[in-house]
Structure formats: C-alpha cells, structure tokens
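The structure under discussion appears below in the form of structure tokens.
The values are calculated or read from the model by the stated rules, or taken from the named source; none is laboratory data. Owing to the predicted nature of the structure, the values given are computational and were not obtained by experimental measurement. A quick note on method: Cβ atoms are made from the backbone with ideal geometry, for glycine too, and the neighbour counts reach across all protein chains shown.
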Amino acid sequence: MSAAPMNPERGRAVRTRIVRWLAPVLVTAVMTVGIGWLARAPYQPPGSDSATLRLSWRLRAPVAETCRPRTQAELDALPVHMRTPEVCQSRSAAYDLIVQVDARTADTSRVLQGGAKGDRPLFVLKELSLEPGPHHVRVRFASGAGLPAEESVVLALDTVLHMHAGTVDLVTLGPDGRTLIVRQSTQP
C-alpha cells in the first residue's frame, strides 16, 4: 500500500503560511539586533566639551498704579454695572539683567513683564556656554526706573564657579525669594 500523493496546492499553502509567520519574526529579530548594536555605538552630543550656566527664575514685580476719582460726567456716561469710583492705570516696570563672566564685557538684556497688560510675572531664562574651569560670575537684576545704581538692584550674585565639561550650573532664586543662589550639577 502506498501513501496517497500530496496535493501540490495544499503544500504551497502550508509553505505560504510558514513564510507569512516566519518573515515578521526574522525582521523583528534583525531590527532588535541592529538597534542593540547601534545603542552601543559611541556618541558625544554637541556641546559636551563645554559647560552651561543657566539663569532661570520667576519673579512677581510690583506694579505701579496711578488712580484718580471719576468725574460725575464720566460716571453718567457709563452703564450702571460698569461704574467704579476710581480709574486706575497700571505701569509695569522694565528690568535689566546684567551678566558678566570673568573679564568679558557685561551682557545686558531688558526683561519685561508678560501678559497683554504687563501684569504677569517676570521670567528670566538665559543660558551661557562656558569653557570648563573656574569663572568669576557677576549677575545683577536691576530696575530700569532711573533710580541710583545701588537702589535699583533687586537681585545680585557675585561668585566664583568651578564649571565641569558637560554639566549645567543653575542660578535661580533662593528659598526666601530675595536672593540668587547657585545649584551646581552633581555629575562632572
């Protein structure tokens, strides 16, 4: 007795099913090995040979308001629900951020309050790329209101930082909100 001959169509269907199952498995295995190999490739990100000094803080600045009483004619011209006894105009102050590193020329930039009316907090976000090593850093945040220099300084920092390649040192507000402190990176 001989075995019945196998149907060639059925054999082709079995091979097609195996190829459809095996192809994604092989592609996945090759991709996994490729990604693993690439993950071990040496990589040095741009700027990793320099250090970064980041200035970052948020400060609520006082808003100068000028108020005057409304005249009777102004009150009569307004609908009842909009009648307030005073008209107030607020002015937001501009501040100067002055950063000097070592003997370089001081970098001065103007910081304005946010918002359409200038009634939002001040945000300072600035980064400086520095060479590794010690640096004498002076930061002054002063009101640009035309006050004498010693009275206009709101925040100040004068310190020596020892910067390491690939690290970020942060100058920010201290816990009291009235002084600048430095938070140094723990990984050189």
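With (1) of a type in the set (D, E, K, R); (2) more than 25 Å from the chain's Cα centre (by Cα); (3) modelled with pLDDT of 85 or more as the list, and residue 65 as the residue in question, which single condition is left unmet?
Of everything listed in (1) of a type in the set (D, E, K, R); (2) more than 25 Å from the chain's Cα centre (by Cα); (3) modelled with pLDDT of 85 or more, residue 65 misses just condition (3).
Among the listed residues 114, 166, which satisfies the condition of being without any contact (Cβ under 8 Å) to a residue 12 or more places away in the chain, farther than 30 Å from residue 73 by Cβ and under 21 Å from the mean Cα position of the chain (by Cα)? I'd like the intermediate steps shown before the answer.
Numbers: 166 fails: without any contact (Cβ under 8 Å) to a residue 12 or more places away in the chain.
The match here is 114.
For the stretch 76-91, indicate whether the set of residues that are modelled with pLDDT under 85 and among the hydroxyl-bearing types (Ser, Thr, Tyr) is non-empty.
Yes: one or more hits.
Just to be sure I understand, how many residues within the stretch 38-69 are under 30 Å from residue 160 (Cα atoms), in a loop (DSSP other than H, G, I, E, B) and among the charged types (D, E, K, R)?
Going through the stretch 38-69 one residue at a time, the tally reaches 2.
Can you tell me how many residues in the stretch 165-188 are among the acidic types (Asp, Glu), surrounded by 14 or more Cβ atoms within 10 Å (Cβ to Cβ) and part of a loop (DSSP other than H, G, I, E, B)?
Selection size over the stretch 165-188: 0.
Give just the number: which of (1) modelled with pLDDT under 90; (2) surrounded by 16 or more Cβ atoms within 10 Å (Cβ to Cβ); (3) closer than 18 Å to residue 58 by Cα does residue 114 not satisfy?
So the condition that residue 114 fails would be (2).
Suppose we filter 113, 72, 100 for residues that are in the same structural domain as residue 159 (by TED's automatic domain parsing), polar (S, T, N, Q) and more than 30 Å from residue 166 (Cα to Cα); which single one remains?
113
For the stretch 72-90, how many residues are surrounded by fewer than 11 Cβ atoms within 10 Å (Cβ to Cβ) and of a type in the set (A, V, I, L, M)?
Residues that pass the stated criteria total 3.
As an exercise: evaluate residue 122 against (1) of a type outside the set (Phe, Trp, Tyr); (2) at pLDDT below 90; (3) exposed (fewer than 15 other Cβ atoms within 10 Å of the Cβ) and give the number of the one condition it does not meet.
Unmet condition: (3).
Return only the number of the condition from (1) of a type outside the set (Asp, Glu); (2) loosely packed, with under 10 Cβ neighbours inside 10 Å; (3) assigned to a strand (DSSP E or B) that residue 20 does not satisfy.
The single condition residue 20 does not satisfy is (3).
Within the stretch 116-138, can one find any residue that is assigned to a strand (DSSP E or B), assigned by TED's automatic domain parsing to the domain that holds residue 173 and farther than 25 Å from residue 166 by Cβ?
Residues of the stretch 116-138 assigned to a strand (DSSP E or B): 122-130, 133-138.
From what is left, the residues that are assigned by TED's automatic domain parsing to the domain that holds residue 173 are 122-130, 133-138.
From what is left, the residues that are farther than 25 Å from residue 166 by Cβ are 122-123.
Yes: one or more hits.
Which one of 93, 142, 61 is among the aliphatic types (A, V, I, L, M), touching a strand residue (DSSP E or B) at 6+ places or on another chain (Cβ under 7 Å), surrounded by 11 or more Cβ atoms within 10 Å (Cβ to Cβ) and farther than 21 Å from residue 174 by Cα? Outline the logic, then answer.
On the way: 142 fails: farther than 21 Å from residue 174 by Cα; 61 fails: farther than 21 Å from residue 174 by Cα.
Every option except 93 fails the conditions.
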